[in-house]
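Data block below; observations after.
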Amino acid sequence: MSVTENLAEVRSRVENACIRSGRSPEDVTLIAVSKTKPVEMIEEAIRCGMKHFGENKPQELRDKYEQLPKDLQWHMIGHLQRNKIKYIIDKAALIHSVESVRLAEAVSEEAVKRGITMPVLVEVNAAGEETKFGVSLAETEAFIRDIAPLPGIRIEGLMTIAPFTDDPETNRPYFRALRNLSIDIGNQNIDNVNMRHLSMGMTGDFETAIEEGATLVRVGTGIFGERNYSL
Ligand SMILES: *Cc1c(COP(=O)(O)O)cnc(C)c1O
């Protein structure tokens, strides 16, 4: 299957999940996760009208940004080391993976240096998996209150990477917990915090995530095919 065919299928599944759950398709943005994939495949997705792309390595995001049209929106979705913020600070539209005060401070500092405000999401480890980054559900509100005053960032919501599973239903409780937390935090009206985004759902579970309120879904394999890390 080509990127064009895959995209048509993923888009129709996104739309159907919206219709099923009484949501407007405009409220859900499909992010094509292009990590490890060549620029040519991204160009095919662009010809199909895609504007949002996700990468998990800062240098790869920077290199692709430089080779492709400047009207795209790049999403930094992977673990970010503080010394690599400089590669993406003026290129990423949104950083999905802020999960420590030190990282938030460093992003803020780089943004202030460039005179910008960086929109960020807080990464939540909703299932409490040991292998995953992210703040626990219980600590998220306090964490947000700690970093909200930083001058170079604006908190725009929550992100989670749900467990890998063959049955998306098993992730529904995590998606629901994230949405409920996002509503609770939104109701606190914390300065410099809005909860407009819920970044959740990947190839295996994006329809369930949409049914539970995702506004950003991050789909890689379903659009570009399996990744080969041994290349
Ligand atoms: C790789 C990745 C994705 C996409 O995963 P697929 O299962 O290929 O759709 C989504 N989110 C994050 C954070 C990723 O690292």
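Observations on the model:
- Only residues that are among the hydroxyl-bearing types (Ser, Thr, Tyr) and either more than 16 Å from the ligand (Cβ to nearest atom) or within 16 Å of the chain's Cα centre (by Cα) (or both) were counted across region 209-229, and they come to 2.
- Selection of strands (runs of 3 or more DSSP E) fully inside region 73-162 by the criterion of at least 1 residues being within 17 Å of the chain's Cα centre (by Cα) and without any contact (Cβ under 8 Å) to a residue 24 or more places away in the chain returns 73-76.
- Any hit, region 180-199, residues being within 9 Å of the ligand (Cβ to nearest atom) and buried (at least 16 other Cβ atoms within 10 Å of the Cβ): yes
- Residue among GLY152, GLY204 that is buried (at least 17 other Cβ atoms within 10 Å of the Cβ), within 21 Å of ALA93 (Cα to Cα) and among the small types (Gly, Ala, Ser): GLY152
- For region 98-116, a tally of residues being open to solvent by less than 40 Å² (accessible area, probe 1.4 Å) and out of contact with any strand residue (DSSP E or B) (no Cβ under 9 Å at 6 or more places or on another chain) returns 1.
- Residue under evaluation ASP167, criteria (1) in contact with an Asp or Glu (Cβ under 6 Å, 6 or more places away or on another chain); (2) over 20 Å from ALA32 (Cα atoms), criterion not met: (1)
- Residue check, LEU72 in contact with a Lys or Arg (Cβ under 6 Å, 6 or more places away or on another chain), more than 15 Å from the ligand (Cβ to nearest atom) and open to solvent by less than 40 Å² (accessible area, probe 1.4 Å): yes
The values are calculated or read from the model by the stated rules, or taken from the named source; none is laboratory data. Remember, it's a predicted structure, so these values are computed and weren't measured experimentally. Note that each Cβ is placed from the backbone with ideal geometry, even for glycine, and that neighbours are counted across all protein chains shown. Heads up: the accessible areas ignore ligands, DNA and RNA and are worked out on the full protein's heavy atoms, side chains in. Shrake-Rupley method; radii C 1.70, N 1.55, O 1.52, S 1.80 Å.
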